[in-house]
Each structure stands twice: as C-alpha cells, then as structure tokens.
1. Just from the alpha-carbon atoms, what are the Rg and Dmax of the stretch 194-243 in angstroms?
2. Extending each Cα 7 Å along its Cβ direction at D219 and A256, get the distance between those two points in nm, one decimal.
3. To the nearest 20 Debye, how big is the dipole of the chain about its Cα centre, given +1 on the beta carbon of each Lys and Arg and -1 on that of each Asp and Glu?
4. Label the stretch 1-118 by shape, choosing from rounded, prolate and oblate, from the square roots a ≥ b ≥ c of the eigenvalues of the Cα gyration tensor; if a/c is under 1.5 it is rounded, and otherwise prolate applies when a/b is larger than b/c, oblate when it is not.
5. Enter the accessible area per residue of the stretch 51-287 (Å², integer; probe 1.4 Å; all protein chains in place).
6. Got a number for carbon plus sulfur as a percent of the stretch 269-379's accessible area, 1.4 Å probe?
7. Pairs to check: K331/K352; K296/K346; K54/K291. Give those whose C-alpha atoms are more than 24 Å from each other in this structure.
8. Tell me the volume per residue, in Å³, of the convex hull enclosing the alpha carbons of the stretch 43-191.
Amino acid sequence: MPEMSSKLQSRFNRQLKNVAPSPIRVFDMKASAVPGIVKLTLGEPDFNVPDVSKQAAIDSINNNDSHYSPSAGTPELRKAIAHFMADRYGLKYDPNGEIVVTIGATEAIYAALFALINPGDKVVIPTPTFPLYEAIAAMLGAQVITIDTSSNGFVLSPEMLKETMAKAGDVKAVVLNYPSNPTGVTYSADQLKAIADVLADTDTVVIADEIYSELVYEDHHTSLAKFLPGQTVILNGASKSGAMTGYRVGFVAAPAGLAKMIGMVHSLMITSPADPSMAAAVPVFASEAGKQATDKMRAAYQERRDVLVSGLTDLGFTVAKPNGAFYVFAKLPASQGTDDVAFAQKLVDEAKVATIPGSYFGAGGAGYLRLSYATSMDNIHEALQRITKMLNK
Ligand SMILES: Cc1ncc(COP(=O)(O)O)c(C=O)c1O
C-alpha cells in the first residue's frame, strides 16, 4: 500500500483548508456503531424505490442503454421534468435548453455555484441550513454571509434580507432552501413574493433548493421562480420524492442563459448522468403511478411527523410544527440546558437514540436537535419511549 510522500502535505488546493468532513456524517457514523441504536439522523427515505421506477431501470439495462447520453440528460427525462414543473408548480421550462439533469441535487448545487462564483464573491445563506452550500462556496473562495433566522421562526424575512444585502454590497448569489433541511419550515407564496421583491432590483441570482418540494403537508409548494423567474435557478430531483437517493438524479431548471452556463460546467464535470437512473426517474416526474407513490410516502411522513412532534412537545421540547421535508427541529427542554452537542451525545450514550445536534447546521441552530422522521413509525415510538425514560431518570 503506497503511503503519500510527506512532501505533498502542503500541495493541496488551499481552499480545502476552509472545509472539513461533514460533522453530520461523522456524528452519525459514530452513533451507528453503538449496538441497538435507534437512528433519527439521516435525511434518507426509508421507502423502496417505486416498482414503476425499478422496472424502468431494468428495461433501460435490458435495452442496452449503456452509452453516453446527452449531457443535459435524456430527452425523455427532460420532458418529464418540464411536465412536472408545469403540472405541480405552474412553471414553464423548455426541455431543450432550460433543464439540466444532474447527479443528484448535490451536483446541481456544485454546478450552479461553480458557474457563478469567483473567489471573493459574496454568497448569502440563511441559517440554520444544509451545510453543503457553505462548504462548496468556501471551496470556490466565496465570502459567505450567513443570516441567522432563528429569531423569526427560521424564516428569512424580507427585512433581514434587505438589511444584509445593503450592508454586503454586491451579492452574487443567495441560496434559499425550502422546505428546509434542517427545520422543516417552508415558505408561503406571500413570503416568497416579499423576498422576490427585495431581489428584483438587484443582479443577484437565487439558487432555490427545492429538493423537498413534493413533501409539503398542509399546503402546496410554491416555487420562488413564480415571482422571480429571470433570476432563479431551481434545484430539485428524484432523491426525496422518488425515494431514490442512491440512483443520484437531480436537476436544474433555469432561464436559458443560466442553464447554458450551468450545463457547461456540468458537462465538463460529469459528461452525462447514468442511463438506468434517468430512466427510473421518468415515472417519478411524469406518471400517475409515480405520483401515487409520492402521495403515499407523503401521507406516511405526515403521520410520523405528527407523532414525533406531539411526543417531543409532551417531553418539554419546543417544536414549531414543520410543514415540509422530513425533519423536526426541536429546542431542548429548559431543564436540559443549551448544549445541543452534549445533549445529543447523552441521548446516544444513555438512551441509545441518535439525532443530529442543531449547531451543526450553522448560526441559530445551537440548543436544538434535528430529528429525521424518514424512518419507521416503530422507530419513532421506540425513540420517544427511550428519550422519555432517560429524561425521567
Ligand atoms: C436541502 C438538500 N439539498 C440537497 C440535498 C442532496 O440531494 P441529493 O441526494 O439529490 O444529492 C439534500 C440531501 O439531504 C438536502 O437536504
């Protein structure tokens, strides 16, 4: 086994000094090693891929779809995505030139930021948030400006945004994720309109990560692109709505000028997505069976959310009822102090329940835990029982 020559230690990209392995993964891996642990950690659907998608992937393999496909994705999938955006959100995107299929939403985030950011550019990110945005922005040498939204129920208000933008000066991009990982909070049409109004007079691009758009419970998802079409890059995909995180299918929908540059970066980075995965995603976006599968999962998540929220509330946690995604962001009971990392570790050690400390999601997250309900109802009941036992000791 070759060992890296020690003289190479200082030869890495200097920007990598600004990033570290995801603390979420590290915490989850350590907790996973505890025998008998109940995990409410990762944002990974526990459902199987819908049969209609499995069959589409099998057919693709049997058809020998084993060649490079168009870099922006197969025409069938781009058409299905255009249908999905029009059908669900009333947005028109041309499959030829305004949609790029990516390797999960993750690659969409990379490609969008890479296409926009020069070293020193300012990127605004409301927090607590999915940590990947900041990591990628940091690797690109961006100056990240965070906005702590905890004082406003984890919703970015137009006032907060306006003030930050005015102070910062030239902001290249704002990254907005809703429904939110980690809070489950989403935005109403009115709230989005108010944000769009702030940005309309600027030359800032909004990267709207809408990967959880199909997991909205009491309402229907509205896309920011409805109010700011010319400046919005929508990121979405099949990972959550199709329960196919491992198939790695995401997409970018954006005005042609933006989609072209993002598509170029994407093409230079990955050439093209995998054929069987793209085939599997088609029914997620454009078939009755796919829609029904998502509807079924949404109903199950909603039931689990209600059980988890009410159980945690009974235990003294403060939870603003999350209306989307599959996370509960719970403030620790007053009796437990505010050290979320210590409390999460205590839950692992004493209750054998794994959650994620809120502070791992940036400013405003300290004193909270993120609990994922993308796990079985049995696990949720068991976790609540164990936490109750620990707190009653
Ligand atoms: C907000 C958000 N965006 C993007 C992703 C990545 O999605 P994908 O698995 O499609 O790359 C996740 C995954 O958890 C997420 O929570």
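The values are calculated or read from the model by the stated rules, or taken from the named source; none is laboratory data. Here the structure is a predicted model, which means the values were calculated and not measured. So basically every Cβ, Gly included, is an ideal-geometry build from the backbone, and we count neighbours across all protein chains shown. Each accessible area value is taken on the protein alone, full model and side chains, heavy atoms only, with ligands, DNA and RNA left out. Shrake-Rupley method; radii C 1.70, N 1.55, O 1.52, S 1.80 Å.
1. Using the Cα atoms of the stretch 194-243, the pair Rg, Dmax is 12.3, 38 Å.
2. Modelled inter-label distance: 3.4 nm.
3. 780 debye
4. Details: a/c = 1.85, a/b = 1.40, b/c = 1.32.
The shape class here is prolate.
5. Using a 1.4 Å probe on heavy atoms only, each residue of the stretch 51-287 averages 38 Å².
6. Carbon and sulfur: 51 percent of the exposed surface of the stretch 269-379.
7. K296/K346
8. Details: hull volume 23.1 nm³, N = 149.
Cα-based convex hull of the stretch 43-191, divided per residue, equals 155 Å³.
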